[in-house]
Amino acid sequence: MVTDVAAGAGGRARSAARSAARSAARPAARPRARWPRILGVAALVLTIAGVGLRTPDVPAAELERRWADGGSRFVAIAGLRVHVRDEGQGPPVVLLHGTSSSVHTWDAWAAALRDSFRVVRFDLPGFGLTGPAADGDYSMPAYVRFVSAALDSLRVGPAIVAGNSLGGEIAWELAAREPARVARLVLVDPAGLPTGRGAPLPFRLAQLPLLGPVLSRVTPRAIVARSLREVYADDARVTDTLIDRIWLMARRPGSREAFVQRARTPRANDGAGLERITAPTLVLWGEADAWIPAALAPEFARRIPGATAVVLPGVGHLPQEEAPAASLAALRAFLAAPLGAR
């Protein structure tokens, strides 16, 4: 079942105008064939300019002073010093962030849920304040093993598991592989199915052989700002504070190399395992997602037995950040429903 959460006429008009503008701007088939040459030129330019554009690493201690607040702690898990936030009491809710993100993406959800739930968040290997994986493995099975180890270490039993983007893919893979760990599943603009679009530009660049060493030391703030404006439908919500947090955390020692390794790690991307999920599932999507299209929401709902999909008009790739009230309302309705009412 797919539900389109109602928006006002103005929101629908803005969404339609945005979709029309994107369609008008989409290149025809012939220009698309020029992408390899464009990326090749970009690789050459960035390689030549790499020394001049170099943005140094930011020491982990400096990042922790800024973004590890009183709710943070660091726990030894799978050979890593993992940044964890574990707040509240009640049934456990585990929140998994996406690529180039951190526990902070869930701040609004955590603040709203911790009065009634135990809310557990941690920075995944290669991201945030946790740093690169000890073994350099960024495959999906490795991420699932890490999350399992984290839940064991934190003594989290069967939980409501929610994930966004990469975190959504990890969440549904966990539910398919280890169903006893997942009481309910919430997928927020999840990865794991073919998008029908090319990968976002940072991933395409990272996959080019010449650019690995460059991207490990060159991270222009303007590129981070551009990517954030792509994943938000409302550019006005992309603040300097948000840009700086993502930009600086990306420069934690080892994290840029980890991004290149992850971008180059083959992924099946065929949704294998979705049919094995037994947990009650909510598929929540931003209608204006420019990275993973909302057209995939019905496909996830179709392939996961009994799943329900909710689409939020005028919202981009990060509903938990861009539309916390609307996304939380959909979450609460899902959690309030009896387990048999799917």
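The values are calculated or read from the model by the stated rules, or taken from the named source; none is laboratory data. All values derive from a computational prediction rather than experimental measurement. Note that we place each Cβ from the backbone using ideal geometry, even for glycine, and neighbour counts take in every protein chain shown.
Which condition breaks for Glu257 when tested against (1) in a helix (DSSP H, G or I); (2) touching a Pro at 6+ places or on another chain (Cβ under 9 Å); (3) modelled with pLDDT of 95 or more; (4) buried (at least 16 other Cβ atoms within 10 Å of the Cβ)?
All conditions are met except number (3).
State which residue pairs qualify: first residue farther than 13 Å from Ser255 by Cα and inside region 207-219, second residue part of a loop (DSSP other than H, G, I, E, B) and not β-branched (Val, Ile, Thr) in any location, beta carbons under 9 Å apart, and separation of 6 or more residues or different chains.
Listed pairs, sorted by first residue: Gln207/Ala199; Gln207/Arg264.
For Ala309, indicate whether it is aliphatic (A, V, I, L, M), buried (at least 22 other Cβ atoms within 10 Å of the Cβ) and assigned to a loop (DSSP other than H, G, I, E, B).
The answer is no for Ala309.
For region 117-137, enumerate the residues that are touching a strand residue (DSSP E or B) at 6+ places or on another chain (Cβ under 9 Å), closer than 16 Å to Leu63 by Cβ and modelled with pLDDT of 95 or more.
Once the filter is applied, which keeps residues that are touching a strand residue (DSSP E or B) at 6+ places or on another chain (Cβ under 9 Å), closer than 16 Å to Leu63 by Cβ and modelled with pLDDT of 95 or more, region 117-137 yields Phe122, Asp123, Leu124, Pro125, Gly128, Leu129, Thr130, Pro132.
Residue pairs, Cβ under 8 Å, 6 or more apart or interchain, first in region 293-315 and polar (S, T, N, Q), second part of a helix (DSSP H, G or I). List them.
Matching pairs, first to second residue: Thr308/Ala301; Thr308/Phe334.
Tell me, which residue of region 90-124 that is part of a loop (DSSP other than H, G, I, E, B) and among the charged types (D, E, K, R) is surrounded by the fewest Cβ atoms within 10 Å (Cβ to Cβ)?
Looking at the filtered set, the residue picked out is Asp115.
Using the structure shown, decide if Asp189 is among the acidic types (Asp, Glu) and free of Cβ contacts under 8 Å to residues at least 24 places away in the same chain.
no
Quick check on region 140-152. Is at least one of its residues surrounded by fewer than 24 Cβ atoms within 10 Å (Cβ to Cβ), at pLDDT below 95 and of a type in the set (A, V, I, L, M)?
No, region 140-152 contains no residue that is surrounded by fewer than 24 Cβ atoms within 10 Å (Cβ to Cβ), at pLDDT below 95 and of a type in the set (A, V, I, L, M).
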